[in-house]
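The values are calculated or read from the model by the stated rules, or taken from the named source; none is laboratory data. Predicted model only: the values in this text are computed from it and were never measured. Here Cβ is always computed from backbone atoms with ideal geometry, including for glycine, and neighbour counts include all displayed protein chains. Protein only, heavy atoms only, side chains kept; ligands, DNA and RNA dropped before computing areas. Shrake-Rupley method; radii C 1.70, N 1.55, O 1.52, S 1.80 Å.
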Amino acid sequence: MVVVLAMKAIVSVELAVIVHALMLLDDPLLSLPSTSENPIFRLRGSLRRHPNNRPPHSPLTSEPPPFPPPQLVLADKLFLLKQPDVQDIDKVGFKEDVFTFVKDHDMVPLYETLVADSVLDMDRTLLDSMRAKIDDELKKLDEKIADAEENLGESEVREAHLAKSLFFIRIGDKEKALEHLKITETKTVAVGQKMDLVFYTLQLGFFDMDFDLISKSIDKAKSLFEEGGDWERKNRLKVYEGLYCMSTRNFEKAATLFLDSISPDHQHNDNYPASDEEIPTIDYSMLLSDDTDQRSIALQLLAHACEEYGFFYLVNHTMPDDVLKTVLKRISDYFDPKTVDERRISYKKHPSDKFQWRQNANDGENREYLKVIAHPKDQVPSNPISLSKVTEEYNNEMRKIALGLARAMSKNLGFDENYIEKALDMKLGFDVITMNIYPPNSEAKSDIGLTDHTDPSFVITLMQDVNGGLQILSHQGNWINVYIPHHAILIQLGDHLEILTNGKYKSHVHRVLVNNNKVQRISIVTLHGPSLDKFVVPDTKFVDDENPQTYIGMTYRESLEANGDNLIDLQSSLELIKLA
Ligand SMILES: O=C(O)CCC(=O)C(=O)O
Ligand SMILES: [Fe+2]
């Protein structure tokens, strides 16, 4: 009676919370399936997620296992059945549910235990029929494995072994399931698929609260992620780890993990409808990979994202987690609502072309922001504020990423990899960081955090603390809600890449909503520009009879001065640069 003994051993509040937390993630699981259909397949992909919240457009990924695992619903009912304070009338219902589940999934080992514990009555005919079905099914699964091993490819062999592992999970035979998951692992190459096997193991661990198995599996998953892995699986692991933390009473860590993995329901605003269309995801590590196949897949995906979208999420990049965390913390401290007057006074005293600070709460804009020059070094003011060191570190890291993208894009455009760097003279590139907080530390006067605009520069990189509010207008004219996966960077192409490529790679309009003051959000937006003196004009390579030159040339400085109070203001002047 492993299950029930383990259940008893657990402090009731914790188990109830854990199982109910799982259930909250997917309401349909509250009722047990009443058909003989295998819920593992029926519920595949049922993890409630933002529609935009999908793995990269990468052929190397596949669907992870269902979440939450249906067996945990069974564990919940079994637990409630054993509680003295649960009403008898409710117990009758739970007993029926448990019986149906056991019967539908041929869970012979659990049935025998429940009969021995007088929870269920013995029905010999049922037991024999379940055993016969298991034998029958195992025979078929073994035949499939033999056939795959003899006649088919590696992926079919893996699939056949996985099917047998899932069968043992379904009938609740933990030992055999673990044994067979190990065999399946030896047939698995892709990191994502290896992760999925760990998720199945975690499901087994949570079913009977096998803490040793759970913690070993979490460690294993984490080390697998060091080899790569998509963000959705990483999010999923956070939920599992959060549950584990709850069961060990580490509630603070659990809360952080849950919040990190949550989807941004709060970001919708009925007055500014936008779709949840998928935004491409590019794996930076694949762009730099030594494996030529991987690199070429990543380059193709990047070319598609640049031409068809003009924005994408960058994952598996090189921005260190601690640098991002520190900069976000410092910005949050800096925007302390109690010190807003100090900031106002301080910025009156500073050169307005080196810093710009504003607090706007009006119909057209509702944000507080600080803009600072981050590159080249001789432009960076001797910054008196607490942020200078962290923004310098952050920008050093982000510059490397922007230059890495410049190299990849140069190749995609048919040039050698230094092309963009030279064409925009990025060694002396003018980088400005804008730190935004929405709504500002005063009541917002409208829904608009930042109104529709495009940005000058080569690319714009954006990181943030929470999702919510940013919308991008697609080239097809639809507004799309942006949901940046945890720790990913949103990359947007800037006006000057559009000018250089004569419109092949376009910048795009975007805006920020403040969502009725529901969520306060910090973003760090860097415009990685050409050097101020670089004359930027469409390259002749992109100009021919079919594609006449559509932009006039001017230096970056002239383009920034054309439409702003000063350079740091960074207003787009694309409309002035565009030929009719
Ligand atoms: O904060 C955001 O999400 C976007 C900000 C932005 O577009 C900008 O600062 O140019
Ligand atoms: Fe912007």
Quick one: pull the percent of accessible area on segment 458-580 belonging to carbon and sulfur, 1.4 Å probe, ligands and nucleic acids left out.
-> 47
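For the peptides 297-303, 351-357, what is the packing order when you average, over each peptide's residues, the other Cβ atoms within 10 Å and list the highest mean first?
On the way: 297-303: 18.7, 351-357: 16.0.
Top of the packing list down: 297-303, 351-357.
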Which of the aspartates and glutamates could a cross-linker span from K253 if the Cα-Cα distance has to be under 14 Å and same-chain partners fewer than 8 positions apart are dropped?
-> E241
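Probe of 1.4 angstrom, ligands and nucleic acids ignored: what's the accessible area per residue over segment 108-214, in square angstrom? List each step's numbers first, then the result.
Numbers: 5270 Å² over 107 residues.
Here the per-residue accessible area is 49 Å².
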Cα gyration tensor shape for segment 445-525, rounded if a/c is under 1.5, else prolate or oblate = prolate
Enter the accessible area per residue of segment 271-387 (Å², integer; probe 1.4 Å; all protein chains in place).
-> 49
Which order do peptides 164-172, 495-503, 538-546, 284-292 fall in by mean Cβ count within 10 Å, highest first?
-> 495-503, 164-172, 284-292, 538-546
Residues whose placed amide H lies under 5 Å from that of I448, excluding near-sequence neighbours = V514
Vicinal HN-Hα couplings computed from phi for segment 236-250 (Karplus, 6.51 cos²θ - 1.76 cosθ + 1.60; Hz; Gly/Pro x) | 4, 4, 4, 5, 4, 5, x, 5, 5, 4, 5, 6, 9, 6, 8
Rounded to a whole %, the carbon-and-sulfur portion of the accessible area of segment 293-388 at a 1.4 Å probe is 48
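Compute the Cα gyration tensor for segment 69-225, then decide on rounded, prolate or oblate, letting a ≥ b ≥ c be the square roots of its eigenvalues: rounded whenever a/c is under 1.5, prolate when a/b is larger than b/c in the other cases, and oblate in all that remain. Mind dumping the intermediate values first?
Values: a/c = 3.19, a/b = 1.48, b/c = 2.16.
Judged from the Cα gyration tensor, segment 69-225 comes out oblate (a/c at least 1.5, b/c at or above a/b).
Which entries of K389/K422; K506/K578; K371/K427; K400/K427; K216/K238; K504/K578 have Cα-Cα distances beyond 18 Å here? Write out the running numbers ahead of the final one.
Values: K389/K422 28 Å; K506/K578 12 Å; K371/K427 21 Å; K400/K427 11 Å; K216/K238 15 Å; K504/K578 14 Å.
Check vs 18 Å cut-off fails for K389/K422; K371/K427.
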Is segment 164-230 best put as rounded, prolate or oblate by its Cα gyration tensor, with a ≥ b ≥ c the root eigenvalues, rounded for a/c under 1.5, and otherwise prolate when a/b is larger than b/c, oblate when not?
-> oblate
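I'd like the carbon and sulfur percentage of the solvent accessible area for segment 109-243, probe radius 1.4 Å, heavy atoms only, ligands and nucleic acids excluded. Before the final figure, lay out the partial values.
Values: 3110 of 6310 Å².
Solvent-exposed carbon and sulfur of segment 109-243 make up 49 percent of the total.
Taking the solvent-accessible surface of protein heavy atoms with a 1.4 Å probe, what is the per residue accessible area of segment 433-564 in Å²?
On the way: 4300 Å² over 132 residues.
Result: 33 Å² of accessible area for each residue.
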What residues qualify as long-range amide H neighbours of H375, i.e. H under 5 Å apart, gap of 5 or more or another chain, H built at 1.01 Å from N?
-> D431
